[in-house]
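Following: one structure in structure tokens, then a few remarks.
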Amino acid sequence: MAGRWIEHWEPEDETFWREKGERIARRNLWFSVLSEHIGFSIWTLWSVMVLFMGPEYGVDPAGKFFLISTATLVGALVRIPYTFAVARFGGRNWTVFSAFTLLVPTVAAFVVMEPGTSYTTLVAVAALTGIGGGNFASSMTNINAFFPLRKKGWALGLNAGGGNIGVPVVQLIGLLVIGSAGAMHPRIVLGVYIPLIVLAGLCAAKFMDNLAPVQNDTGAAKDAARDPHTWIMAVLYIGTFGSFIGYSFAFGLVLQTQFGRTPLQAASLTFVGPLLGSLIRPVGGWLADRYGGARITLANYAAMAVATGVVVYASGIESLTVFLVGFTALFVLTGLGNGSTFKMIPGIFHAKAIAQGLRGEEAAAQGRRLSGAAMGLIGAVGALGGLAINLAFRQSFQTSGTGTAAFWSFLAFYGVCFALTWAVYLRRTTAVPAKPQLSYAEV
């Protein structure tokens, strides 16, 4: 796949951006969104498949939580190699390849999704769907290189938000199938996605580009891994994206297990929260562009703590209505936080480049180099937060039959993230620095 290669790319040059760059960047953005959208749908496929798994499958709630946890884990781990594949093979070329590989888990699920299939086989096929989670990392790294710093919050938020919508869309398709054909026909859902995967791959091949300046740089990965801000932002991203993907996988099972909803009743509710969280992610990026990512992230964590308190209260009094209000608010806030935290990443590394004495395009290139590498690590760790949420739910339901204990642990973690955001990125010190200090309030 030699593909189309762009040799010269300077998005920070306003003349270049206005006359040529913006048009190309936007085109690549839209088709990146399409591929990532399908990737998210396949990654979260088993949050829908478990709704089709009645008693005849012989899998209890703990076993279903383990299935979705397996998909979450694999999706988190593959994000690291997917991040660096963009520089090695080109953004267009890798998007084509990663789109077509989604046929593997989809066709495999089509073959095995029936009563009598061994649990080991179901776990293996659920693990295959994890490759859909890798599409996010390669897509974000690719789009990060196309846009200037002043546009990154909006562009990355739109790219990720459009991808995140793949979660509620696959859940909505599952609802339509259960409501029309019944819970005995999961293969209809899979049949819908096979031609969509082919379409995404063909569109990427025809309309996307590779950027030659984005070259494979193993030094960038090492530098990003050594930088403490990479791991601080990874913790913050656990709280936002980890919550979003973990709740998206588990919401339907929580409704079935704790509130006794039927598959149809659960499916009719599960897609709303992920949909709202996905749609609002670009707003989080836009707010971060306007007011500073650290400020938006801090306020967002405070609101997430309040919403979690509502969910804990509703779980205690067994009120489905209050539970849905609190949980939907959590989904919205995770979306906002996803946008604001990812806007912070390129801003932090650009600010560090300036503090090191770099200026202009040189500083911008250094910021893109490190932020692109850091995004893969941060995205992988953030997705592992989704695994932690699913395992916490599994343990909570095994122990007490409800998710209340899990929600208490989530509330404590949001408090840690709030304190970390304030201490590292917003707290003002009065000491006179020996060398230029960074102001992260605006990142």
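Of all residues in segment 208-240, count the ones that are modelled with pLDDT of 90 or more and either over 17 Å from residue 353 (Cβ atoms) or open to solvent by less than 10 Å² (accessible area, probe 1.4 Å) (or both).
Qualifying residue count, segment 208-240: 15.
Just checking, which of 230, 270 is within 21 Å of the chain's Cα centre (by Cα), over 30 Å from residue 182 (Cβ atoms) and among the polar types (S, T, N, Q)?
That would be 230, the only listed residue that is within 21 Å of the chain's Cα centre (by Cα), over 30 Å from residue 182 (Cβ atoms) and among the polar types (S, T, N, Q).
Residues in segment 349-364 that are in contact (Cβ under 8 Å) with a residue 24 or more places away in the chain and either within 26 Å of the chain's Cα centre (by Cα) or part of a loop (DSSP other than H, G, I, E, B) (or both): how many?
The number of residues fulfilling the criteria is 5.
Residue-by-condition table, conditions (1) open to solvent by less than 10 Å² (accessible area, probe 1.4 Å); (2) part of a helix (DSSP H, G or I); (3) touching a residue at least 24 places away in the same chain (Cβ under 8 Å):
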| position | (1), (2), (3) |
| --- | --- |
| 242 | yes, yes, yes |
| 252 | yes, yes, yes |
| 273 | yes, yes, yes |
| 278 | yes, yes, yes |
| 282 | no, yes, yes |
| 286 | no, yes, yes |
| 290 | no, yes, no |
| 299 | no, yes, no |
| 303 | no, yes, yes |
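When only residues in segment 311-336 that are surrounded by fewer than 19 Cβ atoms within 10 Å (Cβ to Cβ) and free of Cβ contacts under 8 Å to residues at least 40 places away in the same chain count, which is farthest from residue 256 (Cα to Cα)?
313
Contact list please: Cβ distance under 7 Å, first residue in segment 3-16 and touching a residue at least 60 places away in the same chain (Cβ under 8 Å), second residue of a type in the set (Phe, Trp, Tyr), pairs at least six apart or on different chains.
Sorted first by the residue in segment 3-16, then by its partner, the pairs are 10/16; 11/17; 11/146; 11/147.
Tally time: how many residues in segment 380-399 are of a type outside the set (A, V, I, L, M, F, W, C) and open to solvent by 40 Å² or more (accessible area, probe 1.4 Å)?
The total comes to 4.
Against the condition surrounded by 24 or more Cβ atoms within 10 Å (Cβ to Cβ), more than 21 Å from residue 298 (Cβ to Cβ) and small (Gly, Ala, Ser), how does residue 339 come out, does it pass?
Against the criterion (surrounded by 24 or more Cβ atoms within 10 Å (Cβ to Cβ), more than 21 Å from residue 298 (Cβ to Cβ) and small (Gly, Ala, Ser)), residue 339 does not qualify.
Results for (1) closer than 26 Å to residue 296 by Cα; (2) in a helix (DSSP H, G or I), shown as yes or no for each residue.
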| position | (1), (2) |
| --- | --- |
| 152 | yes, yes |
| 161 | yes, yes |
| 184 | no, no |
| 195 | no, yes |
| 204 | no, yes |
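The values are calculated or read from the model by the stated rules, or taken from the named source; none is laboratory data. Treat the numbers as computed from the prediction; the structure is a model and nothing was measured. Backbone-built Cβ (ideal geometry, glycine too); neighbour counts: all protein chains shown. For the accessible areas, the whole protein counts, side chains as well, though only heavy atoms, and no ligand, DNA or RNA atoms are used. Shrake-Rupley method; radii C 1.70, N 1.55, O 1.52, S 1.80 Å.
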